[in-house]
1. Would you please name the residue that is surrounded by the fewest Cβ atoms within 10 Å (Cβ to Cβ), looking only at residues in segment 208-265 that are in a strand (DSSP E or B) and basic (Lys, Arg)?
2. Looking only at segment 629-667, how many residues end up being of a type in the set (S, T, N, Q) and either crowded, with 24+ Cβ neighbours inside 10 Å or farther than 20 Å from Pro575 by Cβ (or both)?
3. From the list Val112, Val84, which one is crowded, with 17+ Cβ neighbours inside 10 Å and part of a loop (DSSP other than H, G, I, E, B)?
4. Of all residues in segment 127-145 being outside any strand (DSSP E or B) and hydrophobic (A, V, I, L, M, F, W, C), which is modelled with the lowest pLDDT?
5. Identify, please: which residue in segment 287-324 is free of Cβ contacts under 8 Å to residues at least 40 places away in the same chain and open to solvent by 60 Å² or more (accessible area, probe 1.4 Å) and is, among those, nearest to Trp11 (Cα to Cα)?
6. Scan segment 383-413 for residues that are in a helix (DSSP H, G or I), open to solvent by 20 Å² or more (accessible area, probe 1.4 Å) and of a type outside the set (A, V, I, L, M, F, W, C) and report the count.
7. Select from segment 7-24 the residues that are open to solvent by 10 Å² or more (accessible area, probe 1.4 Å) and either modelled with pLDDT of 95 or more or at negative phi (or both) and list them in ascending order.
8. So which of Leu460, Leu466, Leu470, Leu451 is open to solvent by less than 10 Å² (accessible area, probe 1.4 Å) and more than 17 Å from Ala380 (Cβ to Cβ)?
Amino acid sequence: MTGPTLPVEPWCLRERGLDLGTLGRMESLFALSNGHLGMRGNLDEGEPVDQQGTYLSGFFEHHSLPYAEGGYGYPESGQTIVNVTNGKLVRLLVDDEPFDMRYGEVVSHERVLDLRAGTLRRETEWVSPAGRRVIVRSTRLVSFTHRAVAAVEYEVEPVDGPARVIVQSELVANEGPQDVDDDGDPRVAAALQDPLAAVAQDVEQDGAILLHRTRTSGLLVAAGMDHDIECPHQYEVEHEAREDWARTTVVTVLEPGERLRVVKNIAYGWSGTRSVHAVRDQVAAALTSARYAGWDSLVRDQRAYLDDFWGSADVEVDGDPILQQAVRFCLFQVLQAGARAEGRAIGAKALTGTGYNGHTFWDIEGFVLPVLVMTAPDAAAHALRWRASTLPLAQARAATLGLAGAAFPWRTIQGEETSAYWPAGTAAFHLNAVIARAFEYYRLTTGDESLDRECGAEVLVETARLWMSLGHHDRSGAWHVQGVTGPDEYTAVIDDNVFTNLMAARNLRSADAACERHPDVATALGVDDDERESWRAAAEGVHIPYDAELGVHPQCEGFTRYGEWDFHNGETPYPLMLHAPYFQLYRKQVVKQADLVLAMHWCGEEFTAKDKAWNLDYYERRTVRDSSLSACTQAVMCAEVGHLDLAHAYLHEAALVDLRDLQGNTDQGVHIASSAGTWTALVDGFGGMRERGDQLCVAPALPASVTRLAFRVLWHGMAVKVEADHEQVTCTLPSGNGEGMTMRVYDEEILVRAGKPVTRPVQRREPLLAAPPQPVGRTPRPAGREPLSVARSAS
């Protein structure tokens, strides 16, 4: 599903005209969020609509989890994100005719998501069924600087005659059925039918506040609005409120060229513990603060926040305008996902839709947080603190499973395990090592030891204890982890998954080092010398399967002896999980997503250059990429072994998964991990960036079609710029301390000082093998499709 093409522009996403068939996709792409509050890109008037959506991070409702057959340790309660009170609605009537783009004539319509301003702008010229012509302009933002606040500027202008204009600004709760992953279970649907019970309503001088409580989880939410009105003539205003809606109505008569301007401030607050009065007052205070700042100040602060972000995070790609637009869009989505989450989980779709019911997965620590660590480290720290705050729940889950330490959940919103499918959930223990890696990545990249002492060391210790209860030494002394599922969900409940074992060994070493750094923390956690020695012995003895006959690593014990999947028996339908029984997938050499290849990216020091070349060649032929998490990792490793054109193709697939709707489900929300993976594929892939302990390393190599790549990252608080073309690579420290920083360019250690760039010649990457083929029907997408149109002018 591709829908209409979007003009390719370097700093914006532009929609011209309205396609009712792609409403859901555009609502996701035009969603605005700050990590705490998210609003789908619905039209201001509320209709036409695919799925209304206003979300608050961490705000959810419980529902029962259905099982055909129960079992010990199965989670009993699910959690799903709730569409809270809709505050972005601004309805319009022109001479009593409702403004609705499905009726009358739409002369022109354009919406622009501005990635530098952080706003969604819209301008529509419309002729009513009665022949009255008006222009409607609006600008919407969700503030990065006022965490609880969103705002809309809405203007109406008659074109060819006087018009009576009525603007209805609304708050609406329980708008209708919520589109969630309920597998058709009526109990889940019932739990989400009108999930908000009215608690109180307040009509304010310039608006209203509504308070509701979820019926099962008992979470209290308040939504408020107020208004500034500018009109050249007399106007009337009315305010009213009921249980599930509040409305402010403005009516006036305008001459051609005159404008009614309404600025709507919207604020939200929620809590599971505070009183009705406290939450209501919080929202009232946020509205007062937004009104005091004023619209112009909100817009300036939004731009200043993003100027600061892009100044240390922008990626420039010359020669590929499609990729240039896509990487900035993706990075903007990653920022929106985490900027102000502050103590709440980041969902796999962030706050752009209800896909995966709003749950967080290992995708966030594995793919999203490394990007945030290098571009917005405060946001990453908050996300890690949230994960650490759920440690007691993870410890309780481990105890339920008969294990030591902490077993973090496969999918959750609040911290409890909510996955009803244990082979791809409970058995996927690698997520615990991925969480441990995220804490270490933050410490090494930022140089900040405070988070490590505060909570990171404890997470490392408790996950190390989990691994020791999962693994065992055989008679030869080798250490094994059996009965687990690695990243490839088409190969479940297996022994000695290479990715899992290598990540577990790293987790054990990291825990040992954390105890060395913080002996008082180790003592408080009851860690003694014998326990640390057992961690070191397990890490040293970890079993890594290897098939000497084929010269490759099986992704798990015996994998290379499984039967081959017959990709040539007729047309293979994808995704396979919807067209083949899992029983067949589990027993064949078919890979859903990068697994052994991901191990080579994240644990690259464990493989030789020959290992990487041969392993990649082997798994490229068997990986079907039925997950959006795969293309970015394959891009990185294809680039590392010298298949630069194949890497470029995979990079396009990762970057365009939402802009082209390659998975056919962007209407459910943006794929945040693939968005982060786009940055990683560029920076780790073509930029060759790796972190080696406390040193940053780069080894750029570009495909022929990319003439220049420049990226900026934060390393130990300093903004580093790396710029490469086909001849040379230049490292710059725009500002920093007088000592500068050491880093590696290819195999050379260099010293970069502020204002003194260091330039070296580019080293070519020569592949050891020819570029491998992919399974039938699985060449990188969108290969072979028409290119997007490239706009002549900048946004």
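1. Per the criteria, the residue is Arg261.
2. Qualifying residue count, segment 629-667: 4.
3. Numbers: Val112 fails: part of a loop (DSSP other than H, G, I, E, B).
Result of the check over Val112, Val84: Val84.
4. Ala130
5. Filtering first and then ranking leaves Asp308.
6. 6
7. Narrowing segment 7-24 to residues open to solvent by 10 Å² or more (accessible area, probe 1.4 Å): 7, 10-11, 14-23.
Pro7, Pro10, Trp11, Arg14, Glu15, Arg16, Leu18, Asp19, Leu20, Gly21, Thr22, Leu23, listed by residue number.
8. Leu466
The values are calculated or read from the model by the stated rules, or taken from the named source; none is laboratory data. Note that this is a predicted model, so its numbers are computed, not measured. Every residue, glycine among them, receives a Cβ derived from its backbone with ideal geometry; neighbour counts consider all protein chains shown. Please note that ligands, DNA and RNA were not included when accessible areas were found on the heavy atoms of the full protein model with its side chains. Shrake-Rupley method; radii C 1.70, N 1.55, O 1.52, S 1.80 Å.
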